[in-house]
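Contents: one structure, followed by commentary.
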Amino acid sequence: MQYSESRTRNLRWLTYASIGLFIISFWMIFAYVGPERTQGEVQRIFYTHLGAFFASFVLFVVALIAGIQYLRTRHEKWDDLGLSAIELGLIFSLINIVTGAIWARPIWNTWWTWDPRLTTVAIMWLAYAAYLMLRAGIEDPNRRRRFAAVYSILAFSSVFLTIVIIRVRPDTIHPVVAGPTSTSEGIEGDFAMSDRITTTLLFTIFTYVVISITLLWYRIRLENRTKLIQARKMKLLLNA
Amino acid sequence: MSVTTTTPETTSTTQPKKRRLRTPYFQVVASLAWKDLRAEARGREMVNAMLLFSIMAVLIFSFALELDRQAQEATVGGVLWVTIAFAGTLGLGRSLAAEKDKGSLDALLLAPVERSALFYGKMIGNFLFTLAVGFLLVFLLTVLFNVNLFRPVLWLIIVLGCLGFATTGTLVASMSVHARAREMLLPILLLPVILPVIISATRASTALITELKTEDWLPWIQLLGVVDFVFLLAGFFLFDFIVEE
């Protein structure tokens, strides 16, 4: 498959932009914003933590839309988009979980606790990992695409649960950074946001979303390449 | 199979565009569920396995967790729902696999009826079997854990929880039945999706058993109802896409 010159150029510019944004956000996290009053230097990992969460959230929403669109139009490209988004979403949510654990060790004095938020994030990760298992288990390509689309819609319920749960469960210790919270007592590691913290946070989230879109684009191209190679292989085998 | 297609010749000749080939929706649901119940009453391969499994699971739990009175009250809700989920998964795999292996799934799909009616028919069968496990566990846990589970509100929670479980379970099992390692894949696919049901049912049961205030368990029952409703709707829309060939 030959891509048009302008699209490849756009992708290249997006790549440069992602790298540039990443460097700037790195500088902002480590130099522009000062250490937080009570948490000190550890708090700096929070920006990456939240950025990776937003990236995975965007990717899972993309996968949901791709699933619905596939069932409506039956065009293969939606299936490729869904698969790519979920694979990348898994990676970003893994970053989110690992950085969260690193942050929690000094703040909560434990790597992991069965807090409602942490539980639902773990389940969300497992649901999307199961999506890949489902794809691997079904041989008929049409059926695989269809089932994958249905399951990506079902799995989104776990994303929804993750977003909602810290806002309805009063016993969570996970800080709610954006939006209303049911109660503020019992939340460990919450902090007041200074202007610089807010700026850095928003900038990092923006950076991670741009990076995830760039990677998504590359992942779709990779999928197309793989299919092309597969098709050529079949052709050669048939001719031989 | 008692799904019979009535063909009213008279209407089809007078109004050629408006042919009524279809069996009424609820008749399809009822006859499919009735077929499952009768097959189970004669063969008893699913319910027996589920009941035996849940007895063993509860025995293991009661050996493993030798607890004092207070701890028993706090854990019995969790034991109840973990056992229902595992025994239910066992039954679900069987229910759809039997249809597929005997070729009757294809026959059902050939029948000129609404696909979602087939879904609800299968779902009701699975729901009743899971419910049977749930109520057996009420007796069993009352005896083995020495906690009184004879409370009408708890039964309501069991009914709602089993409904949500059977709905999602039937949906996911009808996908996993086509996969290569289907016995392995079903729990992996089902458990993450079923979690909202299990969490809210467990929380509601535990709060009820430990005799907390009404406002501690009522929200969980409401959440359970909402989740059930959402999954019932999801089944209606998504089942068509799963079974189409």
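The values are calculated or read from the model by the stated rules, or taken from the named source; none is laboratory data. This structure is a prediction, so every number in the text was calculated from the model and none was measured. Ideal geometry is used to build each Cβ from the backbone, glycine not excepted, and the neighbour counts take in all protein chains shown.
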**Asked** Has segment B:143-164 got any residue that is within 14 Å of chain A (Cβ to nearest Cβ), touching a residue at least 12 places away in the same chain (Cβ under 8 Å) and either closer than 26 Å to B:L65 by Cα or not aliphatic (A, V, I, L, M) (or both)?
**Response** yes
Do we have any residue at all in segment A:4-13 that's over 26 Å from A:R221 (Cβ atoms), modelled with pLDDT under 90 and in a helix (DSSP H, G or I)?
-> no
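Out of B:A74, B:A64, B:A33, B:A41, which single residue is touching a residue at least 60 places away in the same chain (Cβ under 8 Å) and surrounded by fewer than 19 Cβ atoms within 10 Å (Cβ to Cβ)?
On the way: B:A64 fails: touching a residue at least 60 places away in the same chain (Cβ under 8 Å); B:A33 fails: surrounded by fewer than 19 Cβ atoms within 10 Å (Cβ to Cβ); B:A41 fails: touching a residue at least 60 places away in the same chain (Cβ under 8 Å).
Of B:A74, B:A64, B:A33, B:A41, the one residue that is touching a residue at least 60 places away in the same chain (Cβ under 8 Å) and surrounded by fewer than 19 Cβ atoms within 10 Å (Cβ to Cβ) is B:A74.
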A:T119: passes all of (1) assigned to a helix (DSSP H, G or I); (2) at pLDDT below 85; (3) touching a Pro at 6+ places or on another chain (Cβ under 9 Å); (4) crowded, with 16+ Cβ neighbours inside 10 Å but (3)
Output for Cβ contacts, cut-off 6 Å, separation at least six or different chains, first residue under 28 Å from B:G134 (Cα atoms) in segment B:89-108, second outside any helix (DSSP H, G or I), reads B:L96/B:V177; B:A97/B:V177; B:K100/B:V177
Expected single match for without any contact (Cβ under 8 Å) to a residue 60 or more places away in the chain and among the β-branched types (V, I, T) among A:T15, A:T8, A:T48, A:T38 is A:T8
Looking across segment B:171-184 at residues that are modelled with pLDDT of 90 or more and touching a Gly at 6+ places or on another chain (Cβ under 7 Å), the single one that is nearest to the other protein chains (Cβ to nearest Cβ) is B:L171
B:V227 vs (1) at pLDDT 85 or above; (2) at the interface with chain A (Cβ under 10 Å from one of its Cβ atoms); (3) under 30 Å from B:D68 (Cα atoms): all pass except (3)
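Taking only segment A:111-150 into account, find how many residues are hydroxyl-bearing (S, T, Y), free of Cβ contacts under 8 Å to residues at least 40 places away in the same chain and in contact with a Phe, Trp or Tyr (Cβ under 9 Å, 6 or more places away or on another chain).
First, pick out the residues of segment A:111-150 that are hydroxyl-bearing (S, T, Y): A:113, A:119-120, A:128, A:131.
Applying the additional criterion that residues be free of Cβ contacts under 8 Å to residues at least 40 places away in the same chain yields A:119.
Subsequent filtering for residues that are in contact with a Phe, Trp or Tyr (Cβ under 9 Å, 6 or more places away or on another chain) retains none.
Residues that pass the stated criteria total 0.
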